[in-house]
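Here is the structure we will look at.
What follows draws every value from the coordinates through simple rules; no lab data is involved. Fair warning: this is a prediction, and the values are worked out from it, not measured in the lab. Heads up, the Cβs are rebuilt from the backbone with ideal geometry, glycines too, and the neighbour counts pull from every protein chain shown.
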Protein chains: 2
Amino acid sequence: MSDLLERLRERGWRMTAQRRVVAEVLDGEHIHLTADEVHARAVDRLPEISRATVYNTLGEMVSLGEVTELATDHRAKRYDPNAHRPHQHLVCARCGTIRDVHTSGDPLNQLPAEERFGFTVSGAEITYRGLCPDCAAAA
Amino acid sequence: MSDLLERLRERGWRMTAQRRVVAEVLDGEHIHLTADEVHARAVDRLPEISRATVYNTLGEMVSLGEVTELATDHRAKRYDPNAHRPHQHLVCARCGTIRDVHTSGDPLNQLPAEERFGFTVSGAEITYRGLCPDCAAAA
DNA sequence: ATCCTACAATGGACATTGTCCAAGTCAAGT
DNA sequence: ACTTGACTTGGACAATGTCCATTGTAGGAT
């Protein structure tokens, strides 16, 4: 079953067919879909689901901290359901494939106090860029 | 004068009034404007400059490696003229202010070989998030 | 089991950001 | 000063995202 769905239900989220489908589409590892990709897959299971509902639902999941929004170079934001475990992203500059990766230390430690400009720093996102094996071979 | 403009001229870039204005608008430290903000400021100096030209010009500067595109959470891409010196970004989650910051080590070293999935990794961008002093005081 | 009601879904208009193209203009070399 | 290829223009179009009035429904109350 869906871990994501389970967590949402436990928070007292009102469950609807639409929300269930969105959660199911998102569930898994190395999932980084755009909102319209989520919508396309949701329509396969529930043809009458609207785009607005998908956008709303994704936004709520983000607010609840169950899904992370990520902005790579590409136009549309992508949604990552793997929010419960901290991780970073590795993006192929050519084909756009994204992998979840784990760094060996906490990136926050790399930012010295004198570089913080008085900010209260609470998090760091790293996007590693390179070529995936297939694209490196093709180049 | 403009360092950016100087570097572009040295590369044999054909100089026009429009390109000069765009380069001047972008020049400086901690500059992270969206394309439309660049356009608005450019119009102040050269009223007939078109949006298409600003977009084209920014795109060319990015291709030449003189300007970096950056995608925070906000909708529009921002343009950073400080491409000659490697740096990361610190963003206020509340007001959106962006500061250039420098990390104490190379982020690439934090990504172990077994987390690279066979990719040829060539770069890393870090976005630190937190609250700027003003917003922290207001909260 | 049925009813209520607050919350959710719908769909279509609208907003923002970015791209494309055909026609006109101009920088820079001859 | 000419010429030419590169640059600029403005407007249409595309992609992504937001808003809102209306309709539908999940889940508790009866």
Within the stretch B:103-115, tally of residues that are surrounded by fewer than 16 Cβ atoms within 10 Å (Cβ to Cβ) and within 7 Å of chain A (Cβ to nearest Cβ) = 3
Criterion (surrounded by 14 or more Cβ atoms within 10 Å (Cβ to Cβ), part of a strand (DSSP E or B) and at the interface with chain A (Cβ under 10 Å from one of its Cβ atoms)) met by exactly one of B:Asp73, B:Asp100 | B:Asp100
For the stretch A:103-136, how many residues are outside any helix (DSSP H, G or I), in contact (Cβ under 8 Å) with a residue 24 or more places away in the chain and more than 18 Å from the chain's Cα centre (by Cα)?
-> 3
Restricting the stretch A:26-41 to residues that are aliphatic (A, V, I, L, M), touching a residue at least 40 places away in the same chain (Cβ under 8 Å) and in a helix (DSSP H, G or I), which is nearest to B:Asp73 (Cα to Cα)?
-> A:Ala35
Output the residues belonging to the stretch B:1-31 that are polar (S, T, N, Q) and surrounded by 17 or more Cβ atoms within 10 Å (Cβ to Cβ).
-> B:Gln18
Matching residues in the stretch B:61-73 (touching a residue at least 40 places away in the same chain (Cβ under 8 Å) and either of a type in the set (A, V, I, L, M) or near DNA strand D (Cβ under 10 Å from one of its atoms) (or both)) number 4
Inter-residue pairs, beta-carbon under 7 Å, first in contact (Cβ under 8 Å) with a residue 24 or more places away in the chain and within 14 Å of chain B (Cβ to nearest Cβ) and in the stretch A:42-54, second part of a helix (DSSP H, G or I) and more than 7 Å from DNA strand C (Cβ to nearest atom), 6+ apart = none
Residue satisfying condition, being more than 10 Å from DNA strand C (Cβ to nearest atom), away from every other protein chain (no Cβ under 14 Å), within 23 Å of B:Thr97 (Cβ to Cβ) and not aromatic (Phe, Trp, Tyr), within set B:Leu4, B:Leu8, B:Leu64 | B:Leu4
